[in-house]
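Data first, discussion second: the structure below is written as structure tokens.
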Amino acid sequence: MSLYFGSLYWPNSLAQPVSYPELRGDINARVVVIGGGMSGVLCGYVLAAGGIETALIEQQRIASGSTSANTGLLQYSNDTMLSEFARTLGEADAVRFYRACKHAAEKIADIAEKLPRDVGFKRRSSLYYASKDGDADALREEYETLSRNGFDAEWWDEERIAAHFPFRKAAAIVTRGDAELNPYLFVHALAEEAVKQGLRPYEHTKMLDVRPAERGYVVRTDNGSIEAEHVVYAVGYAPETAGGRWVKARLKRSYAIVTNPLPSLAEWNERMLIWETDRPYLYARTTGDNRIIIGGLDENVRQPLLSEQELRAHSMRLLSELRQLFPGYSPEIRWEWNATFGESADGLPWLGEDPERPGQHYCLGYGGNGTIYSCMGAEIIRDRILGLPNPIGRIVRPDRAVAASV
Ligand SMILES: Cc1cc2nc3c(=O)[nH]c(=O)nc-3n(C[C@H](O)[C@H](O)[C@H](O)COP(=O)(O)OP(=O)(O)OC[C@H]3O[C@@H](n4cnc5c(N)ncnc54)[C@H](O)[C@@H]3O)c2cc1C
């Protein structure tokens, strides 16, 4: 099943990505990561950098899955607000989790800024506005919860928003410490760095099944097998591939467009990442070459829409939303796509070891800020393998009580 349909923007930015061999024959490793997207490559990098002998298999090419449809916003604030998590997890754990998201954002920034080539990484602030006047109270509660727990947040009223942007909204929160990147370039550059740390990636190598073995498990592929103590499922939006009974993802489809380069983005204050309180929400960002990316319009259907005409109708809706926000711009659609997207019922990802299958781990960062979750997962799994404590592991553990909602 394809994960997306339409024309993707990011793969155009790298003419000839490095390719990796197919697995041939039977090998051993301490860990095998299944999946070569953002999650798998972050795991491969973090594990290899932690001195853990790791192999990675990808059934197609590195970054060819959902990662190439990702719009590249890195925000520590979640689809689920801190004040909402405070009600479901208790404020202490909610804050612990949000701090871990902030830590993951900083870790990605640290990695991205040290990569030998430009991956479109830029530090940005986010503007989170009230879609309806009635949302301002919930937004105010969120602002107060963020502020009293030490997160760098500002309250913007209608006049302040209007002074910085060509639109009026009842209120907004501005958070600092977010970023944007080109996920396709980032994952390819990261894979190259991980190889320098000892990661062994194999492309065009599909996991067929995982069976118990003397040293742990044997991962059987279409080309050979890998015996390993640990298996990491970083299989993205194909959760059934990971087996186990804990992961109950809610799969949807989401839309995005990229415009032509605009002559000026002067009206876009600080090129902030923009999003809103409505669910599903619209979000927008700019690119280094003055384009705008806007996405949203999520629908509760797993399979991407496969008709160009219907896709164009959704793209036109996104364009119209953009024109309402920035009436002074004349954007045109250059790239448009829709793609499968996953969430959990409780807003948390599934990260860590499956208690029913010791040595098998999930790095399934479902949610709007999946990249942040993937990075968090990589560190949780590394710490588990090295026998180190990780305070977030218990919050996102796969066997937590979460209502099935498929
Ligand atoms: C339209 C859209 C916009 C998004 N925007 C953002 C954003 O702005 N910020 C953000 O943080 N997140 C965003 N996301 C979410 C983001 O795309 C995901 O969190 C992230 O890219 C998922 O990476 P992944 O590695 O988990 O999945 P994938 O990139 O899908 O990688 C999984 C890989 O596993 C491989 N695989 C699966 N089964 C097997 C097997 N049996 N054997 C071998 N390999 C296998 C697949 O081929 C695939 O390459 C967005 C998603 C969509 C759809």
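The values are calculated or read from the model by the stated rules, or taken from the named source; none is laboratory data. Everything numeric here is computed off the predicted structure, so don't read it as measured data. A quick note on method: Cβ atoms are made from the backbone with ideal geometry, for glycine too, and the neighbour counts reach across all protein chains shown.
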Confirm whether E343 is of a type outside the set (A, V, I, L, M) and at pLDDT 95 or above. no
Given the condition polar (S, T, N, Q) and away from the ligand (no atom under 12 Å from the Cβ), answer yes or no: does some residue in segment 334-341 qualify? no
Looking at (1) within 11 Å of the ligand (Cβ to nearest atom); (2) more than 30 Å from N300 (Cα to Cα); (3) surrounded by fewer than 17 Cβ atoms within 10 Å (Cβ to Cβ), can you tell me which one P212 breaks? (1)
If a residue must be within 11 Å of the ligand (Cβ to nearest atom) and among the polar types (S, T, N, Q), how many such residues does segment 245-304 contain? 1
Restricting to segment 295-309, and then to whatever is in a loop (DSSP other than H, G, I, E, B) and touching a residue at least 24 places away in the same chain (Cβ under 8 Å), can you tell me which residue is farthest from the chain's Cα centre (by Cα)? L306
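Conditions tested, residue by residue: (1) out of contact with any Pro (no Cβ under 9 Å at 6 or more places or on another chain); (2) under 24 Å from R124 (Cβ atoms); (3) at pLDDT 95 or above; (4) not aliphatic (A, V, I, L, M).
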{"position": "E267", "(1), (2), (3), (4)": "no, yes, yes, yes"}
{"position": "P280", "(1), (2), (3), (4)": "yes, yes, no, yes"}
{"position": "Y283", "(1), (2), (3), (4)": "yes, yes, yes, yes"}
{"position": "I292", "(1), (2), (3), (4)": "no, yes, yes, no"}
{"position": "D298", "(1), (2), (3), (4)": "no, yes, no, yes"}
{"position": "L306", "(1), (2), (3), (4)": "yes, no, no, no"}
{"position": "Q309", "(1), (2), (3), (4)": "yes, no, yes, yes"}
{"position": "P327", "(1), (2), (3), (4)": "no, yes, yes, yes"}
{"position": "R334", "(1), (2), (3), (4)": "no, yes, yes, yes"}
Tally, over segment 72-111, of residues that are under 18 Å from R394 (Cβ atoms) and among the charged types (D, E, K, R): 4
Residue check for N70: in contact (Cβ under 8 Å) with a residue 60 or more places away in the chain, buried (at least 24 other Cβ atoms within 10 Å of the Cβ) and not in a helix (DSSP H, G or I): yes
Being among the aromatic types (F, W, Y) and surrounded by fewer than 23 Cβ atoms within 10 Å (Cβ to Cβ) narrows F5, F85 down to just F5
By residue number, the members of segment 52-67 that are within 7 Å of the ligand (Cβ to nearest atom) and touching a strand residue (DSSP E or B) at 6+ places or on another chain (Cβ under 9 Å) are I57, E58, Q59, G65, S66
Looking at segment 29-38, can you tell me whether even one residue there is of a type in the set (D, E, K, R) and either closer than 28 Å to D346 by Cα or more than 9 Å from the ligand (Cβ to nearest atom) (or both)? yes
Among (1) in a helix (DSSP H, G or I); (2) over 26 Å from Y4 (Cβ atoms), there is one condition E240 misses while meeting the rest; what is its number? (2)
Candidates T287, T259 - the one that is out of contact with any Cys (no Cβ under 8 Å at 6 or more places or on another chain), under 23 Å from A109 (Cβ atoms) and β-branched (V, I, T): T287
Tally the residues that are buried (at least 16 other Cβ atoms within 10 Å of the Cβ) and either among the hydrophobic types (A, V, I, L, M, F, W, C) or more than 17 Å from E58 (Cβ to Cβ) (or both), restricting the search to segment 14-23. 2
